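Just below is one structure, and these are the notes that go with it.
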Amino acid sequence: MKNNKKILIAIATYKEAENLENLIKEIRKFSQNLKILIINDFSGDKTQELLKNLNDKNLELIERPKKLGLGTAHKLSIFYSIKFEYDYLVTMDADFSHDPSYIPKLLEKKGPNNFIIGSRFCKGAKSDYTGLRKAISICGNYSAKKLLNIELNEITTYFRVYSVNLLKLLPFDELNSQGYSLGVKLVWLMKKIGAQLIEVPIYFKDRNKGKSKIPKLQIFVSFFDLLFIFLKNIFINQKFYLNKNNTYNFNIVCDNCQNTFFSIKKNKSTCLVCNYEKN
């Protein structure tokens, strides 16, 4: 795949060593040059050793000091793409539920004002989910769509392409949700800042190997987060969500998560990834 734009593929992982090698090999089938960023949550498996043995010059591993969760990993990928001046950020899961062969199709729709999501539920899409899992997924997406008035069939998946120009416009302090709730909030914020929302149909497969890492309480947490976003959607003016030109420092090291993305307000520094405060 030839492209003159600077593109980052970010993959959040936790105990996914048995999937990672094959996933990276599949990505490399269509591009040797795209940068792949692996954000590993202190898995305690062979992730580090495996990635080192691949000897891939365009592969980077961020090994986090403890399990900090999916939401903080995606926030990290956003700020990384901004700090290192990428044009587009691609995010995906590590378990092969997001088939990497769809990445070129998602990137075909890229543009400076576009937000693209790989959809399980739009026309032409397919999903391996059945029974209760399928019902929960459909209900969750439908509820978010109606409550937040978003014209997408798919809102919760993290198989996405962001224009980094749009990411720079986000109110960073509003990225305070966790897990899949952050994914919903990001779609909502993209709408608020005027992005063009685009769906690309995919075949969403059940994970290739290993077990799901989604916490059992995540569904309930996400539901209450959705209600909170719904209330904000009603009562807060759209202009509130544009980046307010707060002061940011991408060089301070966080004592909690070891990342370097901070918001500076009134002599207080707050880590944009894990919300750790530093006076």
| query | Among the candidates Phe240, Phe235, which residue alone is under 19 Å from Ile193 (Cα atoms), surrounded by fewer than 11 Cβ atoms within 10 Å (Cβ to Cβ), among the hydrophobic types (A, V, I, L, M, F, W, C) and at pLDDT below 75? | reply | Phe235
| field | the range 12-43 - residue that is of a type in the set (A, V, I, L, M) and touching a residue at least 60 places away in the same chain (Cβ under 8 Å) and, of those, nearest to Ser97 (Cα to Cα) | value | Leu23
| remark: Screening Leu197, Leu189, Leu152, Leu166 for residues that are over 24 Å from Asp99 (Cα atoms), touching a Leu at 6+ places or on another chain (Cβ under 7 Å) and either assigned by TED's automatic domain parsing to the domain that holds Ile116 or of a type in the set (D, E, K, R) (or both) leaves only Leu189
| field | Selection from the range 142-178 of residues that are under 23 Å from Ala12 (Cα atoms) and touching an Asp or Glu at 6+ places or on another chain (Cβ under 9 Å) | value | Glu154, Thr157, Tyr158, Phe159, Ser163, Val164, Asn165, Ser177, Gln178
| message | Residue under question is Leu197, and the condition is that it be modelled with pLDDT of 80 or more and buried (at least 17 other Cβ atoms within 10 Å of the Cβ); does it hold? | response | no
| said: Within the range 52-67, take every residue that is free of Cβ contacts under 8 Å to residues at least 24 places away in the same chain and basic (Lys, Arg) and give me the one that is surrounded by the fewest Cβ atoms within 10 Å (Cβ to Cβ). | reply: Lys57
| Residues that are buried (at least 20 other Cβ atoms within 10 Å of the Cβ) and at pLDDT 90 or above, drawn from the range 1-18 | Ile7, Leu8, Ile9, Ala10, Ile11, Ala12, Thr13
| task | Output yes when any residue across the range 84-101 is farther than 20 Å from Phe159 by Cα and either surrounded by 23 or more Cβ atoms within 10 Å (Cβ to Cβ) or not acidic (Asp, Glu) (or both), and no when none is. | result | yes
| Restricting attention to the range 61-79, does a residue exist that is among the acidic types (Asp, Glu) and assigned to a helix (DSSP H, G or I)? | no
| In the range 70-100, which residues are small (Gly, Ala, Ser) and either at pLDDT 95 or above or in contact with a Cys (Cβ under 9 Å, 6 or more places away or on another chain) (or both)? | Ser77, Ser81
| said: Tell me whether the range 216-225 contains one or more residues that are modelled with pLDDT of 70 or more and either within 14 Å of Leu175 (Cα to Cα) or touching a strand residue (DSSP E or B) at 6+ places or on another chain (Cβ under 6 Å) (or both). | reply: yes
| field | Failed item, numbered, when Lys168 is tested on (1) surrounded by 15 or more Cβ atoms within 10 Å (Cβ to Cβ); (2) under 16 Å from the mean Cα position of the chain (by Cα); (3) at pLDDT 90 or above | value | (1)
| task | Name the single residue, out of those in the range 101-130 being part of a helix (DSSP H, G or I) and in contact with a Phe, Trp or Tyr (Cβ under 8 Å, 6 or more places away or on another chain), that is nearest to Lys6 (Cα to Cα). | result | Leu107
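The values are calculated or read from the model by the stated rules, or taken from the named source; none is laboratory data. Computed from a prediction, not measured in an experiment: that's the story for all the values here. So basically every Cβ, Gly included, is an ideal-geometry build from the backbone, and we count neighbours across all protein chains shown.
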